[in-house]
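Chemist: Sending over a structure as structure tokens; questions will come in a sec.
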Amino acid sequence: MDSSPPLETVYQAVLALYHNPDPSEKEKASLWLGDLQRSVFAWKVADEMLHHKRDLESCYFAAQTMRTKIQLSFHELPPEAHNSLRDSLMEHIGQVNDATNTVIVTQVCMCAGAQIKLLEQPPVEDSEGVIGTILKYQGQYYLCLALADLALQTSTWQKPVLDLITKFSSLNIWPLLEILTVLPEEVNSRSLRLGANRRQEVLQDLTATASAVNQFLKLCLSGGGENPQIHVRILRCFTSWVSIQAITLADVAENIVVGHAFLILTNSQVSPCPASSQVSPCPASSQVSPCPTSSQVSPCPTSSQVSPCPVSSQVSPCPVSSQVSPCPTSSHVSPCPASSHVSPCPASSHVSPCPISSQVSPCPAFSQVSPCPTSSHVSPCPISSQVSPCPTSSHVSPCPVSSQVSPCPTSSQAVSGIHEAATDCVCALLQCLEDNNNQQALELQLFSGVMTLEESFHMSVAHEDQEKSMNYCRIFTELAESFLEKIVNGSSINKPHFAVKILDVVLTCVGHHDYEVAEITFNLWYRLSEELYQKNNDSLTSLFKPYVERLIQALCRHCQMEPDHEGLLEDGDDFADFRLKVSELIKDMVFIVGSSNCFRQMFLSLQTPGVTWDSSEAALFVMQAVAKNILPEENDVVPKVVEAILNLPENTHVAVRHTSVLLLGELCEWIEKHPQSLEPVLNFLLYCLQQPKMASVSANSLQSICSACRDHMAVHFSGLVQIIQSLDTFSISNEAAIGLLKVFLYYLMYSNILITCPYHLILPLLSHVLQHGLSISTGVSVILGRMPADQIQQAMKEICWIQITPLCQLVENDVKTEKGTKSDPALWLDRLAAIFRHTNVGVENGQIHPCQGVITEVTAVVPLTSCQGVITEVTAEVPLTSCQGVITELWPVLSNTCTKFQSDHRVMERCCRCLRFAVRCVGKQSAHLLEPLVKQIVNLYQLHQHSCFLYLGSILVDEYASEPGCAQGLLDMMQAFIGPTFIVLQEPNGLKNHPDTVDDLFRLCARFIQRSPVAFLQSAALTPIIQCGLLACTLDHRDANASVMKFFFDLIHCGRIHEEREDHELRHGTNCLMLFLGAGRPREREDHELRQKLVGNIIQENGQALVNNLVQACVFCLHSYMLTDVADVFMALMQHNRANLSQWLEIAIKALPTQNSGGSITATPKQLVDFHSSLTRAEGNKAAMHALRDFARLFR
């Protein structure tokens, strides 16, 4: 965007985004607004829109834009404009008052997690104003967030917290509480890139002002009235400061907010009322009062002596003017504000639509903002090119509750919100306690205070308040995790740690009737399991055995299906996912109680008189989780279980049968040690295989058993063959058929039957198998590799033809392609690729590869316009010694497939993948295919720049570039690729938008360096490739960047390969005399000298630019996990010439900004010197990577 657009144009675009019924117009508006947000003119436009306040949507868009610009493009703003921006934002936020936010905050708390989802939905009719209130809150929230981000980035703003308290505490505390909440939350934001030094400075400032914040929160709590939302925000604010440990544990003991949080949690039945000055401080006082609910604590005013909360069916209308509708918190209001049945918001037509006053003058700073190019080290604004519309309509009007009117009575959702906020507060304290475990007096008091909440938990269960039950469970679990290390380290069999009792409380929560409560505790049990496993102390493990036994019993009850449930659980169902998590947890913890003991206990529960099907199925489900850990020699319980499963009545619930079959599969190792049980088990599973609901699990269990029992399967082979031959006559699903075929293939692969079974019996079966799915192709290929050499070629021909026939029909006919069906060419190409990928035939030197005729032995391309010739030829008998005819079968079909589907990227990827494995399968014996293949992919790449062609080219280079006479042709191929590739990459954001092309291009170049380095180093294409690589150093795509780093590493390293080889031989005493005399490999020595010279010139010309870009990439662009590859390049440069690298690195470091856009010091001179020293003295990749990572943190 070259110039600032007229403001009216922006309003029209916003209007089109939210209200135009034409999707194409919405799309255009979204793209245009995205460009505006990324431009430097967005600063001034957003500020003016906030002052004009024409409508709700424009205010939201402006606030969102302002926050995004401050967060991601703060460098665009001149330093002299920072104060003006701060003053403007504070004026905007200062206009927020009760009249504009009372209903907003209430609605938002009731919407909690639904806010973002609503904002992503298309605009809907919103006569009630629910979405509008959420939208207004979002706009005000973005303004608060913008001011917080500005405070964090502007080092010249010395005491932002004190200034904000002074500015807003006398107005309306809601925006101040919001700012003070998000301020600590944004400290560790990656988007702000504060840098380690500035972040540490901010944390110190926040810690220094924590006492003022504490005092402010105390005053807010004392004068908060009956508005629960103020209490929620006070607790959220306090939690935010505790989470970054700005408010330390030492400040907690006498803190009134913590006491209020415990008051709320203790009084679980009524909505918490405001905390007055009589509220006792945190229970963790120096007097060691055991609980905030003790007799010393002033009772909460919501006790039985206090009149009930005014949210009842008799509630009077909200005390607003007579023109206002009744309070929306009456008993008739639908609880979810996003519902279409929500009662109308009490909005009056006399209220101005925007919460920001019209008297605020525009910020003068933005008139000074001129476009400035973003430096290479600044990440671009990640705002999507499509701005998500906010679902509000022009009919939305705000709630007219004035600042003089008390807020509407609280609803049950508001009570839930304040209870959750109190829970978050206590959990944050417990997390800090875990990080600072030397606060013995405080931890004792917090432990005592939390333990007294058990009664409140039972009350929430009695009143069926699940949200509160989950909150209490979170607190108990957090307490247990905080004390976990002390419990394990401080316990013995005779003297357990005092805090071990918390595990009893957590297990009480696990016993809650809803499995979601139990799931909260899972991480605790995983941590306990890991601690005990690391200790490897049997006596210590036995101490926790009773707790784990109770846990497994409780989880078994949670795994029970509903008694009236019919059929099986659906995949992806929440309850099914929970059961999978239970299975994994039990597998992880069963060593504490012993697998056999757990298995036996579940078996005893099956024998309980009157046991129901759902409890039986749950017990079997737990048994299958531990079955593989049962010793194969067990002869007490397992035989009885197997016998009971094999004799299940016909009327047994399908879920019980399903889990029983699953259990048999897990007992495969036990069955292998008890072969007498194999035949009845196989018969049972084959019977279940014919039942549609049991087919899949039966096939999986059959596969497991056949795998474990392959030495005992010989007598059952003929039966399997008969089943395969009659497969199409069975009334079973295709999924079940595939499962059975897997069993058959697995047996063929891992038994000796191929030695004795005639070829004419095996091959038809394999052909039949391949008609049933891709996953079967892998097994067929392994079997082919084990067949006699004289049979492989014919078998390969017939098996490949099964895939080629339908592919020919798709190429010849205009069939509509449906993804995943038999009309999809990718289906057949994938199967063909699987055959070549897994066919591994041993070929001795000089012997012709038996698959060569199927793939490569071609002297010229056969330009078929139809597949008819192929179809005719394949039906004729081809002698096993002749490759003529088979040659024409595969390549022309793949060639025609590429031609027909050349514009389809997905099909082209599959075709290139198939060719890749075909070439890999035969190796250099496919050389005759090279010329026609190269010609085709080069021609297609000129038309369609599919990166898969570059990848296929790298495979050809890897196979043939080291062969005499092939290097130049492959270099010509690369030269032909370069032109179209650079056109794509030189587009705006070309590198970022085409990471696959970058990845495959530099993989191709790296293969050239590995296989034909001299020819590549002398190529005219090398210079533009290096320049492209220098630009791509900052690309933050993992695979693409790794390929670029690999290219530079190989480029630098290829000049030293000969030196390292000689050093290796000298160290191992190989050819020492020959090397000393200078003899041995003169041609190789000559190539090495030339390589060394060429590489030396390249590094000398590009070394400084490479180091500059690598440092910039590490500091500003790449993720920490990507620095390992960069460290490899630095180590290669050091090995080449450490002195040069030291000089280049010093220059690169000096080019880095010493201050960020907010005026903060990024890195001190000492830190720069330390980094230079650490990196240049690194002796390995790990040390170099740590130096880069630590340095990068100074700028992030």
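Chemist: From the list I1009, I978, exactly one residue is in contact (Cβ under 8 Å) with a residue 40 or more places away in the chain, more than 21 Å from D1087 (Cβ to Cβ) and surrounded by 16 or more Cβ atoms within 10 Å (Cβ to Cβ). Which is it? Steps first, please.
Modeler: Numbers: I1009 fails: more than 21 Å from D1087 (Cβ to Cβ).
Result: I978 is the single residue among I1009, I978 that is in contact (Cβ under 8 Å) with a residue 40 or more places away in the chain, more than 21 Å from D1087 (Cβ to Cβ) and surrounded by 16 or more Cβ atoms within 10 Å (Cβ to Cβ).
Chemist: Please go through segment 499-539 and pick out each residue that is over 13 Å from M470 (Cβ atoms) and of a type in the set (G, A, S).
Modeler: A499, G511, S529, S539
Chemist: Just the residues that are touching a residue at least 24 places away in the same chain (Cβ under 8 Å) and either touching a His at 6+ places or on another chain (Cβ under 7 Å) or buried (at least 21 other Cβ atoms within 10 Å of the Cβ) (or both), please, taken from segment 489-504.
Modeler: Once the filter is applied, which keeps residues that are touching a residue at least 24 places away in the same chain (Cβ under 8 Å) and either touching a His at 6+ places or on another chain (Cβ under 7 Å) or buried (at least 21 other Cβ atoms within 10 Å of the Cβ) (or both), segment 489-504 yields S491, I502, L503.
Chemist: Condition check: in contact (Cβ under 8 Å) with a residue 60 or more places away in the chain, on the phi > 0 side of the Ramachandran plot and open to solvent by 10 Å² or more (accessible area, probe 1.4 Å). Does K26 satisfy that? Let's see the steps before the verdict.
Modeler: Working: in contact (Cβ under 8 Å) with a residue 60 or more places away in the chain: yes; on the phi > 0 side of the Ramachandran plot: no; open to solvent by 10 Å² or more (accessible area, probe 1.4 Å): yes.
The answer is no for K26.
Chemist: Scan segment 603-619 residue by residue and report those that are touching a Ser or Thr at 6+ places or on another chain (Cβ under 8 Å) and open to solvent by less than 10 Å² (accessible area, probe 1.4 Å).
Modeler: Scanning segment 603-619 gives E617, A619.
Chemist: Specify the residue that is surrounded by the fewest Cβ atoms within 10 Å (Cβ to Cβ); the eligible residues are those in segment 29-67 that are under 19 Å from M90 (Cβ atoms) and of a type in the set (S, T, N, Q).
Modeler: First, the residues of segment 29-67 that are under 19 Å from M90 (Cβ atoms): 43-44, 46-53, 59, 62-67.
Subset that is of a type in the set (S, T, N, Q): 64-65.
Details: Q64: 24, T65: 26.
If we take residues in segment 29-67 being under 19 Å from M90 (Cβ atoms) and of a type in the set (S, T, N, Q), then Q64 is surrounded by the fewest Cβ atoms within 10 Å (Cβ to Cβ).
A quick yes/no check of all residues on (1) at pLDDT below 90; (2) closer than 21 Å to T239 by Cβ:
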position	(1), (2)
N172	yes, no
I179	no, yes
E186	no, yes
S189	yes, yes
N197	no, no
L203	no, yes
L206	no, yes
T209	no, yes
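Chemist: So which of L1073, L1066, L1001, L1077 is at pLDDT 95 or above and over 29 Å from S1142 (Cα atoms)? Reasoning before the result, please.
Modeler: Numbers: L1073 fails: at pLDDT 95 or above; L1066 fails: at pLDDT 95 or above; L1077 fails: at pLDDT 95 or above.
Within the list L1073, L1066, L1001, L1077, the selection yields L1001.
Chemist: Could you check, for segment 508-530, whether at least one of its residues is more than 18 Å from C427 (Cβ to Cβ), polar (S, T, N, Q) and open to solvent by less than 10 Å² (accessible area, probe 1.4 Å)?
Modeler: Yes - at least one qualifying residue is present in segment 508-530.
Chemist: Being small (G, A, S), buried (at least 18 other Cβ atoms within 10 Å of the Cβ) and within 19 Å of A1127 (Cβ to Cβ) is the requirement here; does A1183 meet it?
Modeler: When the stated conditions are applied, A1183 does not pass them.
Chemist: Is it true that P632 is in contact with a helix residue (DSSP H, G or I) (Cβ under 6 Å, 6 or more places away or on another chain) and surrounded by fewer than 16 Cβ atoms within 10 Å (Cβ to Cβ)?
Modeler: Numbers: in contact with a helix residue (DSSP H, G or I) (Cβ under 6 Å, 6 or more places away or on another chain): yes; surrounded by fewer than 16 Cβ atoms within 10 Å (Cβ to Cβ): yes.
Yes, satisfied.
Chemist: Another question, then. Output the residue which, of all residues in segment 683-699 that are surrounded by fewer than 22 Cβ atoms within 10 Å (Cβ to Cβ) and either among the basic types (K, R) or under 23 Å from P639 (Cβ atoms) (or both), is farthest from the chain's Cα centre (by Cα).
Modeler: So the first thing to find is which residues in segment 683-699 are surrounded by fewer than 22 Cβ atoms within 10 Å (Cβ to Cβ), and the list is 683-684, 686-687, 690-693, 696.
Of the ones still in play, those that are also either among the basic types (K, R) or under 23 Å from P639 (Cβ atoms) (or both) are 683-684, 686-687, 693.
Details: N683: 43, F684: 41, L686: 40, Y687: 41, K693: 33 Å.
Among them, the one singled out is N683.
Chemist: Just one of (1) within 26 Å of T9 (Cα to Cα); (2) at pLDDT below 85; (3) touching a helix residue (DSSP H, G or I) at 6+ places or on another chain (Cβ under 9 Å) trips up T68, so point out which.
Modeler: (2)
Chemist: Which of the residues that make up segment 550-591 are closer than 13 Å to L620 by Cα, open to solvent by 50 Å² or more (accessible area, probe 1.4 Å), assigned to a helix (DSSP H, G or I) and not charged (D, E, K, R)?
Modeler: Within segment 550-591, just Q553 meets the criteria.
Chemist: Anything in segment 177-201 that is under 22 Å from C425 (Cα atoms) and open to solvent by 10 Å² or more (accessible area, probe 1.4 Å)? List them, or say none.
Modeler: E185, E186, N188, S189
Chemist: Across segment 1122-1159, what is the total count of residues that are modelled with pLDDT under 90 and surrounded by fewer than 20 Cβ atoms within 10 Å (Cβ to Cβ)?
Modeler: First, the residues of segment 1122-1159 that are modelled with pLDDT under 90: 1154-1159.
Cutting the leftovers down to surrounded by fewer than 20 Cβ atoms within 10 Å (Cβ to Cβ) gives us 1154-1155, 1157, 1159.
Qualifying residue count, segment 1122-1159: 4.
Chemist: I've got another one for you. Which residue pairs have Cβ atoms under 7 Å apart, sit 6 or more places apart or on different chains, and have a first residue in segment 1-12 that is in a helix (DSSP H, G or I) and a second that is open to solvent by 70 Å² or more (accessible area, probe 1.4 Å)?
Modeler: Y11/R54
The values are calculated or read from the model by the stated rules, or taken from the named source; none is laboratory data. Computed from a predicted model, the values in this text were never measured in an experiment. Glycine gets a Cβ as well: all are built from the backbone with ideal geometry, and neighbour counts include every protein chain shown. Heads up: the accessible areas ignore ligands, DNA and RNA and are worked out on the full protein's heavy atoms, side chains in. Shrake-Rupley method; radii C 1.70, N 1.55, O 1.52, S 1.80 Å.
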